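The structure appears right after this line, and notes come after that.
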Amino acid sequence: MKAKISIITLGVSDFQKSFEFYGKRLGFKSHNYKEGDDYAMFEMEGTWLAIFPREKIAEDKGVEDSSNGVAGITLAHNVGSKEEVDIVYREAISAGGKPIKKPKEAAWGGYSGYFADPDGYSWEIAYNPFTDLS
């Protein structure tokens, strides 16, 4: 098996609200989405982000619907400088993201901040001075 993630799918409670947040407010480009669909994929560098109603993910897996796991997952968006962290963080908050932690120097030597999407999924905006992940 290759060490790669092709698609990260977030189970969302309000598909339209999440579609608007990612597609319209954050400006992520959707792929092959048709009005009325309940699944959307967004093009990203290196992987894809998808949203799908949480209860339908549970049904597809054959498990009971649960919001467990949201707190234990962080999606990271790395940029090339501390200044870019501040810019992207402000853009995310302006787009409707909920502030979790304002950007600041991190214990591991980088610089990062956190916001949450409409379903509470955490996004870290980070600058890593040791490894270029931007």
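Considering only residues that are assigned to a strand (DSSP E or B) and in contact with a Gly (Cβ under 9 Å, 6 or more places away or on another chain), look in the stretch 118-134 and name the one that is nearest to I8 (Cα to Cα).
W123
Scanning the stretch 15-38 for residues that are loosely packed, with under 14 Cβ neighbours inside 10 Å and over 15 Å from the mean Cα position of the chain (by Cα), we see that the one that is nearest to G97 (Cα to Cα) is Q16. V85 falls short on exactly one of the conditions (1) part of a loop (DSSP other than H, G, I, E, B); (2) among the hydrophobic types (A, V, I, L, M, F, W, C); (3) farther than 23 Å from S6 by Cα, and that condition is (1). Residues that are surrounded by fewer than 18 Cβ atoms within 10 Å (Cβ to Cβ), closer than 28 Å to F15 by Cβ and not β-branched (V, I, T) within the stretch 84-117 comprise R90, E91, S94, A95, G96, K98, P99, K101, A116, listed in sequence order. Determine, yes or no, whether Y114 is more than 21 Å from Q16 (Cβ to Cβ) and in contact (Cβ under 8 Å) with a residue 24 or more places away in the chain. When the stated conditions are applied, Y114 passes them.
Consider D37 carefully, then state whether it is among the acidic types (D, E), in a loop (DSSP other than H, G, I, E, B) and at pLDDT below 90. It is false that D37 is among the acidic types (D, E), in a loop (DSSP other than H, G, I, E, B) and at pLDDT below 90.
The values are calculated or read from the model by the stated rules, or taken from the named source; none is laboratory data. Keep in mind that what you see is a predicted model, and the values were worked out from it rather than measured. So basically every Cβ, Gly included, is an ideal-geometry build from the backbone, and we count neighbours across all protein chains shown.
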